[in-house]
Every structure is written in structure tokens, then in C-alpha cells.
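Enquirer: Encoded as C-alpha cells, here's the structure I'll be asking about.
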Amino acid sequence: MFLDPLLKLMAEKNASDLFISAGAPISIKILDNVMPVNQTVIDGDLTSKIAYELMNEKQITTFEKDWEMNFSHVLRDVGRFR
């Protein structure tokens, strides 16, 4: 899964948030400081791919209707992310 290495990085750095937005690098928030994990600017297609990779069919349907989705993802031996 695309996000697994980023989630591991978050756990190692005690990051509180992960930001994935088209037109910007993927960033994490550590102690109120937002910093990019690299300089690669991601596009809308990759942003969508990441989001859809995490959701099941019911969540995708709800997301496409409401343009909002809250869910969690468990990464074994690392933690639960929301």
C-alpha cells in the first residue's frame, strides 16, 4: 500500500497529521510544524489513487456523494491511523 511507509515515518517521528493534497508535496505535522516528506509535488490522479486505495466500495460511494469520508486504517505493528 502506498501510504504504509509514510505511516511508519509518522509513527517514528511522532507526527500528528499527514497532508495529501494535489499540487503540493506530501507533508507531515510534527509539534505544530508542517514539513514535506520530500519535494515531489503530487497530482490529482495520485491523490485520488491514495484515497481510493484505503476505502471500501461503500465508503467510496459515500465519498463520491458527500465529498467527505472519515475512516481509520490499521498498520500492523505500527498503529491505528484516522
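The values are calculated or read from the model by the stated rules, or taken from the named source; none is laboratory data. On a predicted model such as this, the values are computed, not experimentally measured, just so you know. Ideal geometry is used to build each Cβ from the backbone, glycine not excepted, and the neighbour counts take in all protein chains shown. The area values use the complete protein model at the heavy-atom level, side chains included, leaving out ligands, DNA and RNA. Shrake-Rupley method; radii C 1.70, N 1.55, O 1.52, S 1.80 Å.
Enquirer: Tell me, in nm to one decimal, what length is gained between Ser48 and Glu68 on full extension, where the rule is 0.36 nm per residue of separation less the Cα-Cα distance?
Expert: Here the answer is 5.9 nm.
Enquirer: Mind checking the angle between helix 57-66 and the chain's longest principal axis? C-alpha axes, 0 to 90 degrees, to the nearest 10.
Expert: Once rounded, the angle reads 90 degrees.
Enquirer: Quickly estimate the mean residue ellipticity at 222 nm for the chain, helices only: each DSSP H run with n ≥ 4 gives -39500 (n - 2.57), and the total goes over all residues, rounded to 500.
Expert: -11000 deg cm²/dmol
Enquirer: Separate question: Loop only by DSSP, 15 or fewer other Cβ within 10 Å of the Cβ. Give me the trypsin sites (Lys or Arg not before Pro) in segment 1-76 that pass, ordered by residue number.
Expert: Sparse-neighbourhood loop trypsin sites (Lys or Arg not before Pro): Arg76.
Enquirer: Chymotrypsin sites (Phe, Trp or Tyr not before Pro), restricted to the chain: which are DSSP loop and have at most 13 other Cβ atoms within 10 Å?
Expert: The qualifying sites are Phe2, Trp67, Phe71.
Enquirer: Right, something else. Tell me the per residue accessible area of the chain using a 1.4 Å probe; a whole number in Å² is fine.
Expert: 72
Enquirer: Now, a different point. For the chain, what's the relative contact order in percent, using C-alpha pairs closer than 8 Å and at least 6 residues apart?
Expert: In percent, rounded to a whole number, it is 22.
Enquirer: Over the chain, what percent of the accessible surface lies on carbon and sulfur atoms, probe 1.4 Å?
Expert: 50
Enquirer: I've got another one for you. How many nm separate the modelled label positions at Phe19 and Leu31, each set 7 Å beyond the Cα in the direction of the Cβ?
Expert: The modelled label-to-label distance comes out at 1.8 nm.
Enquirer: How large is ³J(HN,Hα) for each residue in segment 7-17, as worked out from phi by the Karplus curve 6.51 cos²θ - 1.76 cosθ + 1.60 (θ = phi - 60°), to whole Hz, x for Gly and Pro?
Expert: Per-residue couplings from phi come out as 5, 5, 4, 4, 5, 4, 9, 6, 6, 9, 9 Hz.
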